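Student: A single structure is presented below for examination.
Bear in mind that the values in this text are calculations on the coordinates, not laboratory data. Everything numeric in this text was worked out from a predicted model, so none of it was measured. Cβ placement follows ideal geometry from the backbone for every residue including glycine, while neighbour counts extend to all protein chains displayed.
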Amino acid sequence: MSRPLAVFAYDFDGTLAPGNMQEHAFIPDELGMDHADFWAEAGKLAREQRGDGILAYMHLMLAKAREKGLELSHDSWRRRGAALPLFPGVEDWFARQNARAEALGLDLRHFIISSGNRELIEGSPIAHWFDRIYASGFMFDEDDDAMGIALAINYTAKTQYLFRINKWTLDEWDNDGINAYLVDRERPVPFDRMAFFGDGLTDIPVMRVMTDHGGHPVAVYDPGKASTETAADKLLKDGRARLAAGGDYREGSALDTLADEILREMARGVTSNMFG
């Protein structure tokens, strides 16, 4: 028999990596802008156009890159993502959690659910660990140049992807599958076998859904930034997250210990359902 599916889903910026991915090189080095000015301009554009903030920042990335004559191919975005910094231990995390899950009789899969840029994440050194990278993505023409926006994942849109995983209807464009009726007991990944690791405001709706459906929402903060720990504490106090730990993914860290406890709880739930 195949092992029961379990899922660890992650935000990216501030969760697996410090800061916003566009701020590490693309905005300061290629666009020659201060990142605060870029985000202020994106916010102004969204307000003026009565639009979505995620669509606004992605449009601005393309518009300013074209002004600078930057390469916009899919491969160029992935090359930019290859240099993204990660929190300590992230690159070793996935194999370790998979081994623990296998020992507990679970088939653990990993997903990204992020408002960040899909193509940058695809270029990161951990991209191969994810079954799907659900993130805001560009649309490419026949010459492989970014010509527009294919997908924008904002605050509440993130919740859709929890239900796609829950039903195992994974294609972003599949509206029939995600809207099809499926009783809870027949869904391949029940929420009590799902954990979501996130850090900020864009993760609040996801964490609320996880909490309300018996999942495992974990607030992650940057140990080097007191403001992010304060934000994580607020997620806990507001009942949006159940657990919190710093962004240290090394073996034996507080976050690693939490992951081990979550996997054990998932495995106990499987046993309870089999013999309860």
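Student: Pairing the Cα long axis of helix 226-237 with the longest principal axis of the chain, what angle in degrees results, from 0 to 90 and rounded to the nearest 10?
Tutor: 40 degrees
Student: Only Lys, Arg, Asp and Glu count, each charged at its Cβ (+1, +1, -1, -1), so figure out the dipole size of the chain about its Cα centre, rounded to 20 debye. Display every interim value, and only then the final one.
Tutor: Numbers: 30 positive and 45 negative charges, 201 e Å.
Dipole size: approximately 960 debye.
Student: While we're looking at this one, here's another question. Relative to the first principal axis of the alpha-carbon coordinates of the chain, what is the inclination of helix 157-167, with its axis defined by its Cα atoms, in degrees from 0 to 90 and to the nearest 10?
Tutor: Taking the Cα atoms of the chain, the angle to 157-167 is about 40 degrees.
Student: Taking 0.36 nm per intervening residue step and subtracting the Cα-Cα distance, what contour gain separates D92 from D174 on full extension? Present the calculation step by step, with values, prior to reporting the outcome.
Tutor: Details: separation 82, 0.36 × 82 = 29.52 nm, distance 3.27 nm.
So the chain would gain 26.2 nm between D92 and D174.
Student: Using a ≥ b ≥ c from the Cα gyration tensor of segment 65-194 (square roots of the eigenvalues), is it rounded, prolate or oblate, where a/c under 1.5 gives rounded and otherwise the larger of a/b and b/c decides, a/b for prolate? The partial results should precede the final answer.
Tutor: On the way: a/c = 2.79, a/b = 1.38, b/c = 2.02.
Oblate is the answer for segment 65-194, as a/c is 1.5 or above yet b/c matches or exceeds a/b.
Student: E265 to L151: FRET efficiency via 1/(1 + (r/R0)^6), r the Cβ-Cβ distance, R0 30 Å, to the nearest 0.05?
Tutor: On the way: r = 33 Å, r/R0 = 1.09.
E(calc), rounded to 0.05, equals 0.40.
Student: Assuming R0 = 41 Å, can you tell me the calculated FRET efficiency for the pair R3 and A40, based on Cβ-Cβ distance, to the nearest 0.05? Please list the in-between numbers first.
Tutor: Details: r = 48 Å, r/R0 = 1.18.
Efficiency at R0 = 41 Å is approximately 0.25.
Student: Which of V270, V90 has the fewest other C-beta atoms within 10 Å, and how do the rest follow up to the most?
Tutor: Working: V270 18, V90 21.
Result, fewest neighbours first: V270, V90.
Student: Quick one: order W173, W93, W39 by neighbouring beta-carbon count within 10 Å, fewest to most. Please report the intermediate quantities before stating the final value.
Tutor: Details: W173 9, W93 25, W39 19.
By the 10 Å Cβ count, ascending: W173, W39, W93.
Student: Okay, moving on. Can you figure out the FRET efficiency of E48 with D131, using R₀ = 41 Å and their beta-carbon distance, to the nearest 0.05? List each step's numbers first, then the result.
Tutor: On the way: r = 38 Å, r/R0 = 0.93.
Plugging the Cβ-Cβ distance into 1/(1 + (r/R0)^6) gives 0.60.
Student: Still on this model: Provide, as a two-decimal number, the C-alpha radius of gyration of segment 171-222 over 2.2 N^0.38 Å, N being how many residues it has. Walk me through the numbers on the way to the answer.
Tutor: Values: Rg = 13.1 Å, N = 52, 2.2 N^0.38 = 9.9 Å.
Working it through for segment 171-222, the quotient is 1.33.
Student: I'm checking a number: the convex hull volume of the Cα atoms of segment 19-135, normalised per residue, in Å³. What is it?
Tutor: Roughly 111 Å³ of hull volume per residue.
Student: Looking at segment 84-147, which GluC sites (Glu not before Pro) are DSSP coil and have at most 12 other C-beta atoms within 10 Å of their C-beta? All intermediate terms of the calculation are to be shown ahead of the outcome.
Tutor: Details: sites: E91, E102, E119, E122, E142; in loops: E142.
For GluC sites (Glu not before Pro) across segment 84-147 that sit outside H, G, I, E and B with at most 12 neighbouring Cβ atoms in 10 Å, the list reads E142.
Student: Check the straight Cα-Cα distances from K64 and name the lysines below 19 Å, setting aside those fewer than 8 residues away within the same chain.
Tutor: K44
Student: When a/c is below 1.5 the answer is rounded, else prolate if a/b is larger than b/c, else oblate, so apply that to segment 129-276 with a ≥ b ≥ c taken from the square roots of the Cα gyration tensor eigenvalues. Can you show the working numbers first?
Tutor: On the way: a/c = 1.91, a/b = 1.15, b/c = 1.66.
Oblate shape, in that a/c is at least 1.5 and b/c is the bigger or equal ratio.
Student: By its C-alpha gyration tensor, with a ≥ b ≥ c as the square roots of the eigenvalues, how is segment 22-81 shaped: rounded for a/c under 1.5, else prolate for a/b larger than b/c, else oblate? Provide the component values of the computation, followed by the final result.
Tutor: Working: a/c = 2.06, a/b = 1.60, b/c = 1.29.
Note, shape of segment 22-81 comes out prolate.
Student: Among S227, S2, what is the fewest-to-most ranking by other Cβ atoms within 10 Å? Walk me through the intermediate numbers first.
Tutor: Details: S227 9, S2 5.
The order, fewest Cβ neighbours first, is S2, S227.
Student: By how many degrees, between 0 and 90 and to the nearest 10, does the Cα long axis of helix 90-103 differ from the longest principal axis of the chain?
Tutor: Compared with the principal axis, the helix lies near 20 degrees.
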